[in-house]
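Trainee: Below is a structure I'd like to ask you about.
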Amino acid sequence: MGLRDAAAAALLARPTMSLVIDSIERMFEHGGMAPAAATLETARPVADEVRELQERIRSMQATKLDSRQVPTQPAIAGLLPGGGLKQGATYSVEQSATLMMALLAGPSQAGSWCGVVGVPEFGVEAASSYGVDLERLVLVPNPGDQWLAVTAAVADVLGVVVLRPPKRASDGNLSRLAARLRQRGSTLIVLGTWPQSEAMLSLSESSWSGIGEGHGHLAARQVTITVSTRLGGRPRSARMWLPDPEQRFARVDAGAGAGAGFGAGVGAGVGAWGGAEAGAPAVARPPLRAVG
């Protein structure tokens, strides 16, 4: 951090330090200590401001590598630390194929080559409908026992790699892979937990629409996406279409057809795993027929 950045950090810290000093002084007002409950209530907002200050200082100290972002789906970018995916970083997705494809679609449409390792049921039809360019997509369905070495090799040549690890790797192997990602500037998206993740993305409150009383089909889904960071700050959440009736990703408050989404394609209800998406009600679908 340079002298100017250090001075800025000190200025940012003054309001927080004032709050801490005020809370201590109030403990000894009127000749006695204030109740413990009142002190705890004051400490909570102070702790939130300390975490916010840490994030702001960290952004001031960001290295050149940290500042290089990967094109990210606009509806999701605002929830991520730094406003988008970063080169050389790892992100965890809580077992949602659709959310994983939403993260892939941004860099894929921007021209990046993407890879998927260890997901044999990956639905290429659904991926294409969500905006993933299949001409720049590499699939390694069954990497076997050498899955970590395969992931490292794929990350050497591709910009974004999706991995579903079959088991937990050793700390040493994780550190070596993290160094490889930083060196190559590749982004890793892990389906499941990962110790060195920049952020964890999870889904909750999923609701589908389009099904009537004995008729209709799955047309759209609303979910709440929550992003938790490894710094321990307050999680960020937003209500989103995943996807909307036109197979696009958008914030719910932006309207069903107004989001910055990716183009329509396959009919709704096609699961991103090649079957029904998790959380979707079981419905009967007519058999596929050849067209063209």
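Values quoted throughout were computed directly from the atomic coordinates according to the rules given, and no laboratory measurement underlies them. Since we're looking at a predicted model, the values are computed, not measured. Reconstructed Cβ throughout: ideal geometry from the backbone, glycine too, with neighbour counts over all protein chains shown.
Trainee: Go ahead and run the numbers for FRET between Ile211 and Arg168, Cβ-Cβ distance against an R0 of 51 Å, rounding to 0.05. Let's see the in-between values first.
Mentor: Working: r = 39 Å, r/R0 = 0.76.
Computed FRET efficiency for Ile211 and Arg168: 0.85.
Trainee: For Arg68 and Leu134, calculate 0.36 nm times their separation in residues minus their Cα-Cα distance, and state this gained length in nm to one decimal.
Mentor: On the way: separation 66, 0.36 × 66 = 23.76 nm, distance 2.46 nm.
Between Arg68 and Leu134, full extension yields 21.3 nm more.
Trainee: For the stretch 98-172, rounded, prolate or oblate, judged on the Cα gyration tensor with a ≥ b ≥ c (square roots of eigenvalues), a/c < 1.5 rounded, else prolate if a/b > b/c?
Mentor: Values: a/c = 2.11, a/b = 1.67, b/c = 1.27.
Prolate, because a/c is 1.5 or more and a/b exceeds b/c.
Trainee: Also, I was wondering about something else. So who's got an amide H within less than 5 Å of the one on Leu163, skipping anything under 5 residues away but keeping other chains? H placed 1.01 Å off N, in plane.
Mentor: Placed amide hydrogens put Val117, Ile189, Val190, Leu191 under 5 Å from Leu163.
Trainee: Around Ser186, what is the net charge, scoring Lys/Arg as +1 and Asp/Glu as -1 over all other residues with Cβ under 11 Å from its Cβ? Can you show the working numbers first?
Mentor: Values: positive: Lys86, Arg180, Arg182, Arg184; negative: Asp156.
That sum, taken over residues with Cβ under 11 Å, equals +3.
Trainee: Follow-up. In whole Hz, what ³J(HN,Hα) sequence does the stretch 72-80 give by Karplus (6.51, -1.76, 1.60; θ = phi - 60°), x for Gly and Pro?
Mentor: 10, 3, x, 5, 9, 4, x, 8, 8
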